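Notes for the one structure printed next.
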Amino acid sequence: MKKILSLALLLFSISAMSQNYKLEEKSILSGENKIGTFEMVVDTLKIVLFEKANVESMIPDMIIDLGIDPKSVRYISESSFMGNGSIRELEVYIPSPKKTPPSKDRFQFAYSLGRHTDMVSLRLKYYRYYGIDATLGTSIHRLDNERNFAYIGLSNEFNQFYKLGWRGHASLGPILMVTSNTNEMTVSGAACLSLQKSFGKNASFGPKWFIGGYNELSLGIVIGL
């Protein structure tokens with residue numbers, strides 16, 4: 001009975017230790033201690049451990065954290081300072097979209113050019129996937145369009161298109177419409193959908209749709225900080 005109890009305690013301790021692992025800036029942490037590193041070298045996910053640890057279940061999170069296309073991973077290489085290591089081939093490694101972490105950008109500044117409207121936007125992320133989306137719209141290139149608007153909404157990131165390299169967020173909130181040369185103002189509601197594909201470390205581009213109190217389709221550039 002004592003042997004069974006000891007074995008159960010040992011298995012529980014190992015499980016507790018594995019659940020304590022986390023990733024941070026290409027490092028593998030156990031609590032606050034750095035126990036390894038990971039990086040992408042050409043088509044190989046390279047994992048180096050400073051001490052013995054089972055990080056197999058964290059491989060999808062490593063791939064997502066590096067921001068690479070899962071289909072580009074062909075091999076996984078594991079090594080340690082103890083002198084042992086292994087490498088194995090991997091045909092396709094596609095993590096579950098539900099595990100995709102939120103964007104690391106605390107602020108996102110965007111400029112979008114639509115058919116009728118020029119839009120300047122700011123998104124502030126306040127917790128994980130959630131943020132506040134604000135947009136000012138006017139018309140610089142269409143002098144015959146006298147409609148201007150201010151929009152603010154609560155937004156939520158989504159990653160259904162992550163495997164294709166796209167991310168985005170949707171928001172919903174009030175929109176204030178103002179017509180030039182008049183004192184007329186109208187308040188209504190609108191929904192905004194933004195899709196973004198990265199083309200640099202902090203830059204992305206993609207379409208933005210407004211539906212509701214104001215309807216517009218635009219294409220713009222987003223800078224994240």
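A protection proxy built from the mean count of other Cβ atoms within 10 Å ranks the segments 170-177, 101-108, most packed first, as 170-177, 101-108.
Rounded, prolate or oblate, given the Cα gyration tensor of segment 22-96, with a/c below 1.5 counting as rounded? Oblate, since a/c reaches 1.5 and b/c is not below a/b. Write down Rg/Rh for segment 107-224, rounded to two decimals, with Rg from the C-alpha atoms and Rh from the Kirkwood relation over Cα pairs. Over the Cα atoms of segment 107-224, Rg/Rh equals 0.98. In order along segment 191-200, phi translates into HN-Hα couplings of 10, 10, 10, 10, 10, 9, 10, 6, 10, x Hz, rounded to whole numbers, per the Karplus curve 6.51 cos²θ - 1.76 cosθ + 1.60 with θ = phi - 60° and x for Gly and Pro. Rounded to whole numbers, the Karplus 3J(HN,Hα) couplings from phi for segment 211-218 are 9, x, x, 9, 10, 7, 10, 9 Hz, using 6.51 cos²θ - 1.76 cosθ + 1.60 with θ = phi - 60°, and x at Gly and Pro. Here the dipole of segment 107-224 is about 600 debye; that uses its Cα centre as origin and unit charges on the Cβ of Lys and Arg (positive) and Asp and Glu (negative).
Summing Lys and Arg as +1 and Asp and Glu as -1 over all other residues whose Cβ lies under 11 Å from the Cβ of LYS26 gives a net charge of -2. Ordering VAL48, GLY31, MET58 by the projection of their Cα atoms onto the charge dipole of segment 22-96, which places +1 on the Cβ of Lys and Arg and -1 on the Cβ of Asp and Glu, puts VAL48 at the extreme positive end. The ranking of PHE199, PHE210, PHE109 by Cβ neighbour count inside 10 Å, starting from the fewest, reads PHE199, PHE109, PHE210.
Every read-out reported here was derived from the displayed coordinates using simple, explicitly stated rules and does not represent laboratory data. The structure displayed is predicted, hence computed values, not measured ones. No Cβ is skipped: glycine too gets one built from the backbone with ideal geometry, and neighbour counts run over all protein chains shown.
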